[in-house]
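Written below as structure tokens is the structure these notes are about.
The values are calculated or read from the model by the stated rules, or taken from the named source; none is laboratory data. As the structure is a computational prediction, the values presented were derived from the model and not from experiment. Every residue, glycine among them, receives a Cβ derived from its backbone with ideal geometry; neighbour counts consider all protein chains shown.
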Amino acid sequence: MFLNKIKIFLLASTCLIFFFSNYSGLKSEEIKVISGIAKVIDGDTIRIDGKKIRLLGIDAPERDQKCKKTWLTISFLSFNKNYPCGQISTNKLKTKINNKFLTCEWTNRDRYKRYIAECFKNKRSINSWMVEYGLAVAYRKYSKKFVSKEILAKKEKRGLWSGTFEMPWDYRRKN
């Protein structure tokens, strides 16, 4: 009986030593910060101090992408027109943050060596703002963080959701 207790104690001790010696690998990734004056590249990419930053969890229309919006409805007949939603997304982001001080929190880099980050202007998430106003969509493939903002934008028919559009990832694949 006494020998069994010693074996159990040794086994438990070995497990605890193994766990704590490998604990650093179980911690969440360290958040690193890039801050400075932002320059907008497009609706989901910026540059700070020469570092290219892809906004985490969102996907904006491509610069040359067009979307459709109803401009006239007569009884049962609607007339749609194309509009440059990619340019609008980029321009709205420029108006919001271009040449302004941002703080971006990143943990990873993508295959293009861009920093993947959530960026803040005066503690307000730019990523969240883009999705909330329909200037970008939640990029569910990489994060579910902004899905609730997308649902709100869609419900209120903001930005992209006021008409029809092709998801940016589908547009990129085709073009």
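Laid out as a table, the results:
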{"quantity": "Residue in the range 30-83 that is surrounded by the fewest Cβ atoms within 10 Å (Cβ to Cβ), counting only those that are part of a strand (DSSP E or B) and acidic (Asp, Glu)", "calculated": "Asp42"}
{"quantity": "Which numbered condition Arg173 misses (of (1) more than 18 Å from Lys66 (Cβ to Cβ); (2) surrounded by fewer than 13 Cβ atoms within 10 Å (Cβ to Cβ); (3) over 12 Å from the mean Cα position of the chain (by Cα))", "calculated": "(1)"}
{"quantity": "Index of the failed condition, Ser75 passing every other in (1) within 25 Å of Val147 (Cα to Cα); (2) modelled with pLDDT of 60 or more; (3) among the hydroxyl-bearing types (Ser, Thr, Tyr)", "calculated": "(1)"}
{"quantity": "Some residue of the range 147-160 being among the polar types (S, T, N, Q) and not in a helix (DSSP H, G or I)", "calculated": "no"}
{"quantity": "Filtered residue count, the range 93-107, keeping only those that are within 15 Å of the chain's Cα centre (by Cα) and either basic (Lys, Arg) or under 19 Å from Glu62 (Cβ atoms) (or both)", "calculated": "1"}
{"quantity": "Residue in the range 23-31 that is at pLDDT 95 or above and within 25 Å of Arg111 (Cα to Cα) present", "calculated": "no"}
{"quantity": "In the range 84-106, residue farthest from Val33 (Cα to Cα) [restricted to those that are part of a strand (DSSP E or B) and touching a Phe, Trp or Tyr at 6+ places or on another chain (Cβ under 9 Å)]", "calculated": "Leu102"}
{"quantity": "Scope the range 82-133; condition of a type outside the set (S, T, N, Q) and in contact with a Pro (Cβ under 6 Å, 6 or more places away or on another chain); matching residues", "calculated": "Cys85, Gly86"}
